[in-house]
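> Quick one: the structure is below, and I'll ask about it shortly.
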Amino acid sequence: MLAIESQLAASGGAEISEGFIPLIDMKELHGPRRSEIVQQIGHACQHYSFFLVKNHGISETNMNNILGTTREFFKLPEPEKMKFCTNDPNKSIKLFMGFKDEIQNVFISREALRFSTCPFEDYVNEWPANPPSLRKDVMEYCTSVKRMEFALLEAISESLGLEKDYLDKILCNHGQKISMNYYPVCQEQDLEFTRGVRPHTDPTIITILLQDNVPGFKVLNNGKWVDVVHITNTFVIHVGDLLQVISNYRYKSLHHQVYVNCEKERISVASYCYPSSDTTIGAAMELIDDEHPAIYRDFTYAEFYEEMWRAVVQHATDKRLDTFKSSVA
């Protein structure tokens, strides 16, 4: 086990049975069982930090198209992909390549194309023109994901006892980013010192993850790294750092990572739910009282984003929220 994994494992995690996290039927959110499903979502956020959703309104064709487009992009010739490799922090689209983490003595074997998507008219011309289907597939996929995201944010707000538009108001006019991820096959002799993604939490309110059927996504459970079993036509939803703050630590972001495979390449697409830079993030007032003081002080997303990258440079991503802890908590 790598050093950072050992440190995180020592701190424990949520109660998750081997290979199991809750599976929630979103179809029931729009019927007479809504309150029951909202409770299920709240329970999943509080006790698991992750859950799967089915009957989410996104077609199997739409899901297969975006996964196929992702695979096609990463099969392009290297010069075509490298057009999007940049160190400019102001670029809305960036290609990330594999690298050696000298601190943890591990090679990160992942290629990722991360880019802003909404509003489409602001960004679509910056997206890759190849493969030819990419722009169409991304727009169709992101439109569907935004609808699902809205429904989930309403349910999560309600589960906290807040007005159902509480989180949506925080995200007023917010954008959307996705990350198209490719994990190449790893030689068996290199598996011990190779990872797809290091242990981390997400700097989001929620993250919506679509993955293919190749295993590798793991969450920290009770000091152990547990595989999240893939179920066809489902998405993985995870609680992000910002929801941990807003919920006043009722819902916690949980460490997760990706292992590579020595037999098959792996594809996934993550959609990130985050606010605008000037948005103030803090615990909902309804969740603060004498017995439950605010765990974190208020801060802007711009402050958080700056701290996030400082933590990345210092290999301290598991401590990035510590900067914002309240002195009275």
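Please treat every number below as a calculation from the coordinates, not as lab data. Bear in mind the structure is a predicted one, so any value in this text is a computation, not a measurement. Here Cβ is always computed from backbone atoms with ideal geometry, including for glycine, and neighbour counts include all displayed protein chains.
> How far apart, in nm, are two points set 7 Å out from the Cα along the Cα-to-Cβ line at Asn222 and at Arg147?
Label at Asn222, label at Arg147, 4.0 nm between them.
> Would you calculate the convex hull of the Cα atoms in the stretch 3-283 and tell me its volume per residue in Å³? Don't jump to the answer; show the numbers that get you there.
On the way: hull volume 38.1 nm³, N = 281.
Hull volume normalised by residue count: 136 Å³.
> Same structure, new question: So for the stretch 3-283, averaging the separation of alpha carbon pairs under 8 Å that are six or more residues apart and normalising by length, what relative contact order in percent results?
Computed value for the stretch 3-283: 25 percent relative contact order.
> With n ≥ 4 as the cut-off for DSSP H runs, can you work out [θ] at 222 nm for the chain, using -39500 (n - 2.57) per run divided by the number of residues, rounded to the nearest 500? Write down the numbers at each step before the final one.
On the way: 9 runs with 96 residues, N = 329.
Per the formula, -8500 deg cm²/dmol.
> Compute the length gained on full extension between Asn125 and Glu263: take 0.36 nm times their separation in residues and subtract their Cα-Cα distance, giving the result in nm to one decimal.
46.1 nm
> Would you list which lysines come within 19 Å of Lys146, measuring only between C-alpha atoms, while excluding same-chain residues fewer than 8 positions from it?
Lys27, Lys54, Lys136, Lys164, Lys169, Lys177
> Around Ser144, with a cut-off of 12 angstrom between Cβ atoms, what is the net charge of the other residues, counting Lys and Arg +1 and Asp and Glu -1? The partial results should precede the final answer.
Details: positive: Lys146, Arg147; negative: Glu60, Asp137, Glu140, Glu149.
Surrounding charge for Ser144 is -2.
> What net charge do the residues around Glu126 carry, taking every other residue with its C-beta under 13 Å from that of Glu126, with Lys and Arg at +1 and Asp and Glu at -1?
Local charge sum for Glu126: +3.
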